[in-house]
Amino acid sequence: MSLRGDVCVVTGACGFLGKRLVRLLLEEEKMAEIRLLDKHVQPQFIQSLDDSRGDTKLSVYEGEIRDADFLRKACRGASIVFHLASIIDVTDKVDYSEIYGVNVKGTLLLLEACIQENVVSFIYTSTIEVMGPNPRGQPIINGTEDTVYESSLKFNYSKTKKEAEERTLQAHGEVLQNGGRLATCVLRPMYIYGEGCRFLLGHMCDGIRNGNILFRMSRPEALVNPVYVGNVAIGHLQAARSLTDPQKRNAIGGKFYFISDDTPHVSYSDFNHVIMSSLGFDIQEKTIVPLRLFYIFCFLMETLCMIVRPFIHVVPPLNRQLLTMLNTPFSFSYQKAKSDLGYIPRYSWEEARKRTMEWLASQLPTEREKIWSK
């Protein structure tokens with residue numbers, strides 16, 4: 001099905017994935033209007049879309065995801081909402097009330113706005129981290145939507161994303177003000193990489209400071225399967241097309257789907273090296289200290305931070321759960337999304353790697369200068 005003539009809202013439109021999705025919608029679909037919702041929408045981003053917008057109207061909605069009136073205004077007259085906006089935090093730096101307010105309450109308010117304003121389709125961008133890994137580091141290899149796993153989530157980020165996606169799925173079939181029904185769908189991408197990925201840029205900068213040697217935080221056998229940002233955007237487009245198809249709408253509504261691609265299974269640290277090796281970066285052969293000692297060090301740091309918390313809020317740069325995440329085999333198949341949504345990765349691993357490497361290469365001189373000038 002086509003989205004031709006539809007009006008859609010993209011929350012987090014100026015984020016890493018949001019920008020890619022907005023451009024894809026402009027290039028692939030002749031929509032009536034795309035509403036870019038974010039706290040701040042950069043004018044240069046809007047200008048960069050001039051060559052692909054065609055007759056599609058681009059509207060800017062700057063505001064707060066926790067503002068119910070603002071959300072209702074943004075949803076008025078829309079038919080599809082892509083909800084990408086959230087706070088991402090794997091070190092628990094962000095206060096719980098803040099991350100809960102954005103990730104959970106913001107989602108609930110947006111769902112209510114959809115019901116009040118008769119939006120018929122709602123796609124929520126979740127994360128692989130709602131599955132885990134759990135603190136015991138139990139692995140999953142090529143998991144599916146039917147995989148049973150004891151999550152025992154530790155991060156506030158993963159907890160809030162899990163609650164938000166559960167609320168989204170529960171809202172499927174809710175009666176709209178005009179008597180229609182809301183259809184919802186949740187996508188769970190793997191770790192997303194590509195042009196604009198701040199995590200890859202951060203690892204590259206750490207490597208520059210370390211004499212062009214990337215840090216090893218993952219054991220080589222801890223295989224995961226990152227996904228290219230362009231393919232995640234394709235997954236969102238296919239989900240929207242499926243929700244607008246009367247024959248598929250009820251079949252996929254109220255369900256979640258893993259979004260991965262054909263990126264090779266590799267550890268997080270080795271993935272950084274695969275992407276950056278052609279830029280002159282090497283990688284440590286082993287972790288700085290054995291993993292067991294690393295866990296003990298993290299435990300001591302977490303304990304110390306807890307002791308001083310009544311006086312000062314200090315967050316350790318590394319914690320046991322993050323170390324577990326980096327060292328647990330955790331991979332998932334996209335076959336269910338392929339069969340139900342018609343999702344097929346558009347970008348091969350070779351092209352995704354080339355595009356990502358070229359973007360990092362373009363950033364390298366500036367980042368070197370920043371670091372060397374300090």
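Within segment 172-227, which GluC sites (Glu not before Pro) sit in a loop by DSSP and count at most 15 neighbouring Cβ atoms inside 10 Å?
Counting only loop positions with at most 15 other Cβ atoms within 10 Å, the GluC sites (Glu not before Pro) in segment 172-227 are 221.
Stokes-Einstein diffusion for the chain at 37 °C, viscosity 0.692 mPa s, with a Kirkwood radius from C-alpha pairs, works out to 152 µm²/s. With N the number of residues in segment 310-374, Rg(Cα) / (2.2 N^0.38 Å) evaluates to 1.84. Based on the alpha-carbon gyration tensor of segment 45-142 and its eigenvalue square roots a ≥ b ≥ c, which shape applies: rounded if a/c is under 1.5, prolate if not and a/b is larger than b/c, or oblate? It is prolate, given that a/c is not under 1.5 and a/b is the larger ratio.
Apply the membrane-span-like helix rule to the chain: whole DSSP H runs, Cα extent along the own long axis of at least 24 Å, mean Kyte-Doolittle hydropathy at least 0.0. List the helices found.
The qualifying helices are 291-308.
Among the listed pairs 286/336; 159/354; 73/338; 105/354; 154/248; 57/105, those with a Cα-Cα distance over 31 Å are 286/336; 159/354; 73/338; 105/354; 154/248. In a Debye calculation with equal point scatterers on the alpha-carbon sites of segment 1-102 and no solvent, what is log10 I(q)/I(0) at q = 0.22, 0.24 Å⁻¹? Here the Debye-derived log intensity ratios amount to -1.16, -1.32. Remark: the residue 206-residue 303 segment gains 32.3 nm on full extension, using 0.36 nm per residue and subtracting the alpha carbon distance. Each Lys or Arg adds one and each Asp or Glu subtracts one; over the other residues with Cβ under 14 Å from the Cβ of residue 146, this totals +1. Note on residue 176 and residue 277: their simple-model spin labels are 5.1 nm apart, each label 7 Å out from Cα toward Cβ.
If you take the alpha carbon atoms of segment 149-207 and fit the smallest convex hull around them, that volume is 156 Å³ per residue.
Of the trypsin sites (Lys or Arg not before Pro) found in segment 108-206, the ones in coil according to DSSP and having at most 11 other Cβ atoms within 10 Å of their Cβ are 136. Ordered by the count of other Cβ atoms within 10 Å of each Cβ, fewest first, 146, 340 give 146, 340. Potential lengthening of the chain between residue 349 and residue 136 amounts to 73.6 nm, from the contour at 0.36 nm per residue minus the alpha-carbon distance. For segment 298-348, taking Cα atoms only, Rg and Dmax work out to 19.8, 54 Å respectively.
Each Lys or Arg adds one and each Asp or Glu subtracts one; over the other residues with Cβ under 13 Å from the Cβ of residue 137, this totals +3. Legend: Rg and Dmax of segment 103-248, from Cα coordinates, 18.5, 63 Å. Ordering 303, 125, 356 by the number of other Cβ atoms within 10 Å of each residue's own Cβ, fewest first, gives 303, 356, 125. Put a dot 7 Å past the Cα of residue 116, heading toward its Cβ, do the same for residue 52, and the two dots end up 3.3 nm apart. What whole number of Å gives the distance from the Cα centroid of segment 103-167 to the Cα centroid of segment 335-361? Distance between centres, Cα-based: 23 Å. Considering helices alone, the calculated mean residue ellipticity of the chain at 222 nm is -13000 deg cm²/dmol, with DSSP H runs of length four and up weighted by -39500 (n - 2.57) and normalised per residue. Sorted largest first, the spans of the alpha carbon positions of segment 189-234 along the three principal axes are 37, 26, 10 Å.
Of the chymotrypsin sites (Phe, Trp or Tyr not before Pro) in segment 267-374, which ones lie in a loop per DSSP and count no more than 14 other C-beta atoms within 10 Å?
311
Computed from the coordinates by the stated procedures, all read-outs in this text should not be read as laboratory data. Only a predicted model underlies this, so the values are computations on that prediction, with no experimental measurement involved. Positions of Cβ are generated from backbone atoms using ideal geometry, with glycine treated the same way; all protein chains shown enter the neighbour counts.
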